[in-house]
1. Cut-off is 10 Å between beta-carbons; in what order do Ile150, Ile534, Ile655 appear when sorted fewest neighbours first?
2. Just the number, please: percent antiparallel of the DSSP beta bridges in segment 630-734, rounded to the nearest 5.
3. Around Gln668, which amide H atoms from residues at least 5 apart in sequence, or from another chain, sit under 5 Å from its own amide H, with H modelled in the peptide plane?
4. Collect residues whose amide H, placed 1.01 Å from N in the peptide plane, falls under 5 Å from the amide H of Phe639; neighbours closer than 5 in sequence don't count.
5. Only four residue types carry charge here, +1 at the Cβ of Lys and Arg and -1 at the Cβ of Asp and Glu. Report the dipole size of segment 334-422 about the Cα centre in Debye, rounded to the nearest 20.
6. Once phi is turned into ³J(HN,Hα) by the Karplus curve 6.51 cos²θ - 1.76 cosθ + 1.60 with θ = phi - 60°, what whole-Hz value does each residue of segment 591-608 show in order, with x for glycine and proline?
7. Tell me the Rg and the Dmax, in Å, that the Cα atoms of segment 630-734 produce.
8. Average the reciprocal distances over every distinct pair of alpha-carbons in segment 22-137, invert the result, and give the Kirkwood radius in Å.
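Each value in this text was obtained by applying a stated rule to the coordinates, not by laboratory testing. If you're wondering where the values come from, they're calculated on a predicted model, not measured in any experiment. Reconstructed Cβ throughout: ideal geometry from the backbone, glycine too, with neighbour counts over all protein chains shown.
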Amino acid sequence: MAFSAVLHPVFLLAMLPLRASLTEVLGEPFQLTPEILNVTVESKLQQVNLQWTVPNLTHQELNMVFQIEISRMKTSNIIWVENYSAPVKWNQVLHWNWKSEIPLECVAHFIRIRTMVDDAKYPLQRSWSSWTPWEEVSVQVSVGPNTFLIFPEDKLLEEGSNVTMCLMYGQYVYNISCKLQEKPIHREQLDSHVSLMKLNNVVFHNIRGTNINCQAMNATKKLLGTVLFVSKILEEPKNFSCETQDFKTLKCSWEPGVDTALAWDQQESQTYSLYESFSGRQELSDHRNSHTWQITEDSQETYNFTLTAKNNLRKRSVNLIFNLTHRVHQKPPHDVTLETLSATEANMTWKVYSRGDNYMLLCQLELQHEREVIHAPNVSVHVSGNYLFSDLEPDTEYKARVCCADANHFWKWSDWAQKAFTTPEAAPLQAPDAWRHVRSENGSHVVTLFWKPLLKSQANGKIVFYDIVVENQDRPTESKHYRVQAPALGTQLSLDLSSYKIHITANNSVGASPESVMILSNDSGHEEVHEKRIKGTKDGFHISWEPSSGAALGYVVDWCEHSREQHCDLQWKKLGPNTTSTMVTSDAFKPGVRYNFRIFERSLQQDAQLIGRQTGYTQEQAPLENPKVSVSNSTSNSFILNWPAYASDFQSAFIEGYRVYLKSKDMQCHPKGRRTILPDKSVLCEYDIEDPKQKTFTVENLQPESTYEYLVVPYTSAGLGPNETFARVTTPDENSHRLLQIILPMTLCVLLIIIACYWKSQWVKEKCYPDIPNPYKSSILSLIKSKKNPHLIMHVKDCIPDVLEVINKVEGPKTQRIVSGKAHAEDVPSKPLSVPTENSSSGPVPCVFFENFTYDQSAFDVGSHGLVPGPLKDTPLQLGLLTPPDKLLNVLGKDYMKSLAESPTEETSLIYVSQLASPMCGDKDNLATNPPMPVHCSEYKMQMAVPGRLASPVLSENNNPTSRTLSGQGEQ
């Protein structure tokens with residue numbers, strides 16, 4: 001039995017190949033059904049991994065096709081069908097994976113598989129096997145009745161991808177809303193508690209990701225969110241190349257493209273690795289854009305590199321195959337020298353790194369000036385090279401550089417080796433472009449010389465000064481030399497009216513330039529030519545002229561660059577002899593500015609003759625201001641408006657005329673004017689003056705005592721002047737001038753009469769009743785004397801004084817001194833003395849006399865009234881004796897009158913003593929309380945002149961001169 005038990009399986013194994021052989025021969029089909037071994041899920045990748053095998057496989061290897069079906073939520077809802085072909089060996093485990101677009105946590109999936117033989121050796125076996133049973137694929141997630149979840153969490157994807165989000169929520173959660181970066185997201189309901197959110201073509205916002213936030217009502221956690229980490233697309237490396245300089249290392253480089261790194265460790269920057277297929281070596285690069293590969297000593301010449309860029313989402317690769325000797329990048333030349341041989345030549349030498357005499361290098365040279373390549377020759381060298389640069393410019397900075405490459409297998413030029421140098425100076429090559437401006441002043445010529453700076457190519461160095469030689473053509477032996485230091489571009493000379501020849505040269509450190517020659521004739525600056533108006537454009541002015549003679553050396557057009565400024569900045573343009581027009585352009589030309597051009601003809605003798613003037617604007621503009629208008633000859637029915645002329649250089653265009661505006665409540669416009677009724681019912685009259693030289697306008701047919709408003713504006717081809725406020729003028733009354741003609745002469749006549757009367761009254765007062773009468777000059781006395789009636793004249797003896805008061809007593813030869821209008825104490829008695837006469841009684845005093853301090857002879861003689869102190873001489877009164885009045889009169893009659901008669905011109909101070917009437921006929925202020933009986937006294941009392949030796953003024957306490965009254969004892 002034991003033997004039979006062992007023999008039976010052996011028999012069956014032996015029969016299997018026989019059966020297979022029979023099946024192949026007979027062509028009967030055989031069924032091979034796959035068997036699922038395992039189904040796993042990777043949630044982060046949303047991937048399903050399937051493992052299976054084919055049992056009962058009797059062949060060593062058989063090509064088979066497997067058909068895989070995936071359904072969602074239920075087995076009948078098939079969403080994926082795929083055929084997978086693979087050679088299958090006996091007892092082999094096969095693998096396959098599938099990525100779901102929906103997170104596997106949100107819904108259940110089902111998977112099954114069947115197979116079919118797809119082998120050419122068994123053409124009749126092409127039929128599908130039976131399906132395996134459905135295998136459920138799901139991720140267990142627990143969602144509470146008051147919670148909700150979002151899947152996937154922290155999804156990593158590339159920019160431009162599509163993604164489907166899944167929202168799972170409990171039975172009590174409602175009103176769920178989700179936003180992507182504050183933008184609402186549309187949801188599709190998958191079942192009662194699952195909804196989907198599809199996002200297409202997602203974009204990269206920043207490395208920190210894109211936020212998705214959801215909120216719901218009646219949820220334990222009302223706000224929930226997740227982050228989409230959107231990565232930049234990994235780019236394929238560009239411009240991948242490798243080269244060597246020393247056959248020891250290969251320097252490989254590439255352009256990495258955009259960095260795909262993300263924050264929060266979701267994805268690092270892409271890595272780069274090099275794989276060489278011939279040697280099988282692979283190295284990871286430490287840099288994003290280069291790697292150094294060590295060359296081994298196995299004499300490998302050909303290299304095949306694969307450069308791979310990799311991140312968490314994908315890989316990108318490029319290949320490069322090359323021969324090492326064809327990828328040699330030479331080192332830059334060394335020991336570069338440059339020697340200047342002259343102002344126009346320089347020699348350059350250099351050395352190269354060579355691998356032997358048979359190794360040929362090609363070197364390229366460049367000569368640069370102001371970053372511009374002006375010369376680029378090629379030179380073949382073994383170890384060293386040299387090159388001669390010629391035709392250089394003096395005093396110029398240059399940069400010479402050289403690079404080399406393999407002449408047999410050119411790969412690329414080496415880096416540049418360069419040297420800068422400057423050529424020495426040389427004498428200037430060209431005469432300065434010079435011009436002049438001549439004006440006559442005080443019988444002489446004021447000549448302003450101008451010249452333009454030489455170009456660098458013309459100066460051949462730094463210009464240090466300019467030499468000017470002035471030769472007198474009328475007196476050839478006379479010449480003057482002037483030196484102007486650079487950078488000045490002009491000077492001024494004062495010359496007489498002779499003809500002069502002027503030489504101008506520019507000088508640098510090496511020598512002088514050719515000379516520029518100008519001839520000044522004795523009539524320069526006096527030319528009178530017609531001025532022509534021209535119209536410019538935004539580009540400039542077109543100047544044309546007619547030649548004045550057939551033998552011209554050329555023409556010169558000059559103008560002021562800034563015509564409105566004090567500094568003219570004279571510019572000029574020299575032209576050939578066959579030119580009769582030119583276009584003058586300048587960036588300094590401005591609209592609304594007048595530019596004046598002069599055209600000169602240069603003769604063969606270098607003399608310049610003015611042949612034309614032209615003026616114009618690049619663009620005319622409306623006037624910027626109106627003229628200052630004044631009114632003259634104003635009458636009751638007319639007035640004249642006047643305004644000054646404009647300065648031509650400050651006009652913004654050519655003035656073509658003026659427009660006069662007149663406005664009033666009621667006025668009649670002239671037939672030549674335009675009448676307009678304004679909104680305020682006033683009348684506006686407009687008059688055009690087409691002659692720009694007219695500067696007056698007469699307004700007529702006006703109403704007297706009426707107010708008119710006026711405004712004068714100029715106009716040009718570009719428009720009118722500014723609209724300013726009207727000025728006002730009022731016409732006078734038509735009879736006012738007649739009244740003025742009557743009143744003015746009358747006023748003058750009355751004024752003359754008043755002046756004459758005043759002058760005559762003063763004369764009458766002085767002649768008839770002066771303030772202080774002069775008895776010697778009184779016209780009344782002469783009048784009385786002329787009547788030959790002596791009884792009308794009162795004599796001194798007619799009134800005899802009762803008391804004599806000593807006014808002053810002078811002791812010795814003292815001289816009276818008056819300080820501040822007050823006599824000294826020693827000259828003025830403290831108390832006046834009263835002495836009764838022989839006729840004294842207790843009765844009333846018949847007469848009094850007083851001293852007059854305000855008049856004396858000397859003062860009168862000099863034409864002034866006042867107290868004039870004079871020298872005191874000895875008189876009988878100096879003894880202090882009281883003399884009776886009659887005796888005093890005798891004394892006066894004898895001595896004093898005699899002295900007056902003998903010496904009328906002697907400098908004697910005369911004090912007049914007047915004999916007054918009693919208070920009845922005298923001063924009322926001197927009335928006593930008990931007035932005496934009136935005594936007859938003459939109405940006119942003659943004044944008597946008393947010498948200053950006899951009386952002197954007595955000052956009261958307030959320093960005012962007063963009169964002393966001589967009274968009798970009864971009054972005292």
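1. Numbers: Ile150 21, Ile534 14, Ile655 18.
Ranked by crowding around the Cβ, least crowded first: Ile534, Ile655, Ile150.
2. Numbers: 31 of 31 bridges.
Bridges in segment 630-734 are about 100 percent antiparallel.
3. Under 5 Å from the amide H of Gln668 lies no amide H from a residue far enough along the sequence or on another chain.
4. It is Val699, by chain and number.
5. Working: 7 positive and 13 negative charges, 92 e Å.
So the magnitude is around 440 debye.
6. My calculation for segment 591-608 gives x, x, 10, 8, 10, 10, 10, 10, 10, 10, 9, 8, 8, 5, 8, 6, 8, 10 Hz in order.
7. Cα radius of gyration and Dmax of segment 630-734 are 14.2, 44 Å respectively.
8. Working: mean 1/r = 0.0662 Å⁻¹.
Computed over segment 22-137, the radius equals 15.1 Å.
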